[in-house]
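Have a look at the structure below before the remarks.
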Amino acid sequence: MTISSFHPTPRTLMGPGPSDVSPRVLQALGRPTIGHLDPEFVGMMDEVKSLLQYAFQTKNEFTIAVSAPGSAGMETCFVNLVEPQDKVIVCVNGVFGMRMVENVERLGATAVVINDKWGHPVSVDKVTQALQDHPDAKFLAFVHAETSTGALSDAKTLCALAQEHDALTIVDAVTSLGGVELRVDEWGIDAIYSGSQKCLSCVPGISPVSFSPRAIEKLSQRDGKVPSWFLDQTLVMSYWSGQGKRSYHHTAPVNSLYALHESLVMLQEEGLENAWARHQAQHEKLKAGLTQMGIEFIVDAAHRLPQLNTVVIPEGADDAAIRGTLLNDYNLEIGAGLGALAGKAWRIGLMGYAARNESVALCLAALKSALGK
Ligand code: PLP
């Protein structure tokens, strides 16, 4: 059998990610590959750093793009900063908080786990109590936007609490970056990671990361080597900084970084606050249409992520069959429920390029027809 080129059917991606990629980003991806130490490429990497500083609202010198997906951004934060003797307060209100616990435990450190119900934000009261009960905690770690449930947590308040107790913060912003308000410096976030494939309208596989000067200080005072060679940021630093002189660490995903650059240029053109407002406006339109169909949201309005709408599967509707109809008849992907919400919820993403009138209209019309409404 001769295998021929792969041509995927174009889909509208309205699940939990990857989300729709902007045509501008796809064009950038196809530009000629050049050497990753070529001065032109190094210049572009510098632009990626300053564009990421804008997206994160930070002046952190150490703001880079890890050459791997969001999970690698998560590991980058934990593996560089957390040492076996450290205690970490980890907030779990969905799948990705659970992964943070895994990271802490695999490093031989102690995780103090605070559980909140799925679909609820991280409880500020519980975190206040945990910080009081564990004055020796070195870190507070939480997920800003829980993609598994659609709940937004109050990162500003949580970071202020951590600072009062002299704990560093590790924040998951995979789904929040570019979609909802996020201010790294103003809120005092110490280590943050995101993903290219959500609200940035970019292809998957890159993880923006930023460390505050306090985080860099913690890294520089480590007892031993960072236990991962690839993610050791003391080595990666020499690749992402240095006045025009860069030393080889690994081969950067050159074309994917063109794509990230283009998506960040688009974000700058639109304006960060306008991008947040666009996600909110599209969420309002989707909500109005879903409400008309009698479809209810899982998360309270006050903590609802505009870019990830978790809704109750209507009674009598066959979860897999409806999602199959949307995919096969409308080329539209929405997400299934994850973990505790499997079989009970759908996750409708309005992330990045998918947060547009056309996508919302398609989703509402397709759902209406598939549900026979
Ligand atoms: N954290 C959150 C909140 C996510 O939503 C995801 C992916 O969906 C990740 C981490 C992991 O990112 P990736 O799948 O790019 O490795």
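Express as a percent, rounded to the nearest 5, the fraction of DSSP beta bridges in the chain (both residues included) that run antiparallel. In the chain, DSSP labels about 50 percent of beta bridges as antiparallel. Note on the stretch 23-268: with charges restricted to the Cβ of Lys and Arg (+1) and Asp and Glu (-1), its dipole about the Cα centre is near 500 debye.
Segment Arg31..Glu102, full-extension length gain: 21.7 nm, with 0.36 nm per residue of separation and the alpha-carbon distance subtracted. Annotation: peptides 191-197, 129-135, ranked by per-residue average of other Cβ atoms within 10 Å with the highest first, follow the order 191-197, 129-135. Add +1 for every Lys or Arg and -1 for every Asp or Glu among the other residues with Cβ under 15 Å from the Cβ of Val180, and state the total. Once all neighbours under 15 Å are counted, the net charge is -3. The local environment of Pro204, defined by Cβ-Cβ distances under 13 Å, has a net charge of 0 under the rule Lys, Arg +1 and Asp, Glu -1.
Under the simplified labelling scheme, the Glu270-Ile3 pair shows an inter-label distance of 3.6 nm, with each label point 7 Å from Cα along Cα→Cβ. Peptides 273-286, 31-44 ranked from most to least packed give 273-286, 31-44, packing being the mean of other C-beta atoms within 10 angstrom over each peptide's residues.
Helices of the chain meeting both criteria, an alpha-carbon length of 18 angstrom or more along the long axis and an average Kyte-Doolittle score not below 0.0, with helices taken as full DSSP H segments, are 39-56, 254-270, 357-370. Each label point was placed 7 Å from the Cα along the Cα-to-Cβ direction; for Phe230 and Ala361 their separation is 4.3 nm.
Send over the Kirkwood Rh of the chain, from the inverse of the averaged 1/r over different Cα pairs, rounded to one decimal Å. Kirkwood hydrodynamic radius for the chain: 21.2 Å. Take the Cα radius of gyration of the stretch 221-373 and divide it by 2.2 N^0.38 Å, N being the number of residues; the result is 1.42. Per-residue extension of 0.36 nm, minus the Cα-Cα distance of Asp46 and Asp185, leaves a gain of 48.1 nm for this segment.
Above 18 Å, the calculated P(r) of the stretch 171-262 contains 56 percent of its Cα-Cα pairs. In this label model, Ala277 and Gln292 are separated by 2.5 nm, measuring between points 7 Å along each Cα→Cβ vector. Of the accessible area of the chain, with the probe set at 1.4 angstrom, what percent is carbon plus sulfur? After summing per-atom areas, the C and S share lands at 52 percent.
Between Pro208, Pro314, Pro121, the Gaussian network model of the chain with springs among Cα atoms under 10 angstrom shows the greatest mean-square fluctuation at Pro314. Take 157-170, 73-86, 229-242 and order them by the average number of nearby Cβ atoms within 10 Å per residue, most first; the result is 73-86, 157-170, 229-242.
The values are calculated or read from the model by the stated rules, or taken from the named source; none is laboratory data. The shown structure was predicted, so the numbers you read here are calculated from the model rather than taken from an experiment. When we count neighbours, we look across all protein chains shown, and the Cβ atoms used for this are built from the backbone with ideal geometry, even at glycine. Protein only, heavy atoms only, side chains kept; ligands, DNA and RNA dropped before computing areas. Shrake-Rupley method; radii C 1.70, N 1.55, O 1.52, S 1.80 Å.
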